[in-house]
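Only one structure is covered here, and it is reproduced in the block below.
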Amino acid sequence: MPTRTHYLWFNTKHRQEIIDITDEVAEQVRLSGVKEGMVLVAAMHISASVFVNDHESGLWHDILRWLEERIAPWEPSAYRHNETGEDNAAAHLRSLTVGHEVIVPITDGKLDFGPWQRVFYGEWDGQRKKRVIVKVMGE
Amino acid sequence: MPTRTHYLWFNTKHRQEIIDITDEVAEQVRLSGVKEGMVLVAAMHISASVFVNDHESGLWHDILRWLEERIAPWEPSAYRHNETGEDNAAAHLRSLTVGHEVIVPITDGKLDFGPWQRVFYGEWDGQRKKRVIVKVMGE
Amino acid sequence: MPTRTHYLWFNTKHRQEIIDITDEVAEQVRLSGVKEGMVLVAAMHISASVFVNDHESGLWHDILRWLEERIAPWEPSAYRHNETGEDNAAAHLRSLTVGHEVIVPITDGKLDFGPWQRVFYGEWDGQRKKRVIVKVMGE
């Protein structure tokens, strides 16, 4: 079973940011030679997400606002985790909600996505170097 | 490594609906001949979910109400995504929260589930043709 | 493709509890002999989670409070599921939010985690025997 492991690096300009990584993932699938299998795409950090959704900037804006207003407000004094000197407890909770990884099926050597599906890196506490693992497995 | 890929189609009567697809997934595992491995079950749309939970209609009602009242109210005017002409931004956020896919382990040729686990398709913006991929991998 | 399947059992003292299971998962990877692949870690119950995050007790406290106050209050009378005689509908919704499983990549025979990543069992309705499946796959 061929496997291929690759790491994508990010250092976002903004503290929260959503980045389309579909082309990078598809390129790793191509390089792996895998025709049938899957690719695991996982944030290697506990304050970030990887998710599948829509390439539409209005929606990205909605997601960032929804995480802040409804899911987990940043509000550093509200969390016990921040007594450790951090201020990013909310980023952890956002990672738990949206998830930190996806598995994308590979069929005929391609990402087997529906028409609108794309894979994204969700940075919830950036402005520093962070990583995503891309591991292709199959035959 | 044998793999088997199958697509399930849905066209729900209601715009939001929860459908038990365990039997269809189990049938694909049987047809694959895989004894040890796993099956990926993933929505091919960005306004739907696949999840594992309980076959209990009261709970399905609770899930739909919880998504509307607590997680992401439908309220079309609240989202920038809907300025594109859509009204379904809330369905995207529900898909992000519940997730769009699961991996079910296969042991001795069967779905290796606990006593109450079942796999569901969660339609958050239906009344049109949509798809789920079932990909079995293993040996 | 070697696979290895193991079950971890829990019977928590408290009804809600977060338990670091990284060492148990890493031990199963070691015993499997798999050098390149992945390990699926999945709750076998519909009122529990498996997730990747931080080994920090302040954060665990924040997670439990956030699930109660913001995601799904326990409040038994608020849910139709509880008319079946249960009182744990909120535990189901927490499982849906945080997810019930993760896939961890294996590279060079080790869990390929970032520096702070650990894997946890999240018990949302415990004080009884419950299980997690650990299935290692790869080569």
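The values are calculated or read from the model by the stated rules, or taken from the named source; none is laboratory data. Worth saying up front: this structure is predicted, and the values here are computed from it rather than measured. Cβ placement follows ideal geometry from the backbone for every residue including glycine, while neighbour counts extend to all protein chains displayed. Just so you know, the surface numbers come from the protein's heavy atoms only, side chains and all, with ligands and any DNA or RNA stripped out. Shrake-Rupley method; radii C 1.70, N 1.55, O 1.52, S 1.80 Å.
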*asked:* Given the condition surrounded by 24 or more Cβ atoms within 10 Å (Cβ to Cβ) and not charged (D, E, K, R), answer yes or no: does some residue in region A:106-114 qualify?
replied: yes
*Considering each residue of region A:38-59, count those that are touching a residue at least 60 places away in the same chain (Cβ under 8 Å), in contact with a helix residue (DSSP H, G or I) (Cβ under 9 Å, 6 or more places away or on another chain) and within 11 Å of another protein chain (Cβ to nearest Cβ), and give that number.*
12
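The rows are residues; the columns are (1) in a strand (DSSP E or B); (2) in contact with a strand residue (DSSP E or B) (Cβ under 7 Å, 6 or more places away or on another chain); (3) among the acidic types (Asp, Glu); (4) open to solvent by 10 Å² or more (accessible area, probe 1.4 Å).
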position: C:TRP60; (1), (2), (3), (4): no, yes, no, yes
position: C:TRP66; (1), (2), (3), (4): no, no, no, yes
position: C:HIS81; (1), (2), (3), (4): no, no, no, no
position: C:ASP87; (1), (2), (3), (4): no, no, yes, yes
position: C:LEU93; (1), (2), (3), (4): no, no, no, no
position: C:VAL102; (1), (2), (3), (4): yes, yes, no, no
*Being in a helix (DSSP H, G or I) and within 15 Å of the chain's Cα centre (by Cα) is the filter here, so list the residues in region C:4-58 that pass it.*
C:THR22, C:ASP23, C:GLU24, C:VAL25, C:ALA26
*Could you please tell me which pairs satisfy a Cβ distance under 7 Å, a separation of 6+ or placement on different chains, a first residue in region A:115-129 that is without any contact (Cβ under 8 Å) to a residue 12 or more places away in the chain, and a second residue that is crowded, with 23+ Cβ neighbours inside 10 Å?*
none
*asked:* Looking at (1) in contact with a Leu (Cβ under 9 Å, 6 or more places away or on another chain); (2) within 7 Å of chain B (Cβ to nearest Cβ), which one does C:LEU96 not meet, given that it meets all the others?
replied: (1)
*Identify the residue in region B:70-79 that is out of contact with any Leu (no Cβ under 8 Å at 6 or more places or on another chain) and assigned to a helix (DSSP H, G or I) and, among all such residues, is farthest from C:MET1 (Cα to Cα).*
B:SER77
*asked:* For region A:21-50: of the residues being surrounded by 15 or more Cβ atoms within 10 Å (Cβ to Cβ) and of a type in the set (Asp, Glu), which is nearest to B:GLY37 (Cα to Cα)?
replied: A:GLU36
*Looking at (1) under 18 Å from the mean Cα position of the chain (by Cα); (2) within 21 Å of A:LEU8 (Cβ to Cβ); (3) more than 10 Å from chain B (Cβ to nearest Cβ); (4) among the hydrophobic types (A, V, I, L, M, F, W, C), which is the only condition A:ALA72 fails?*
(2)
_Between B:GLY99, B:GLY126, which is under 15 Å from the mean Cα position of the chain (by Cα) and on the phi > 0 side of the Ramachandran plot?_
B:GLY99
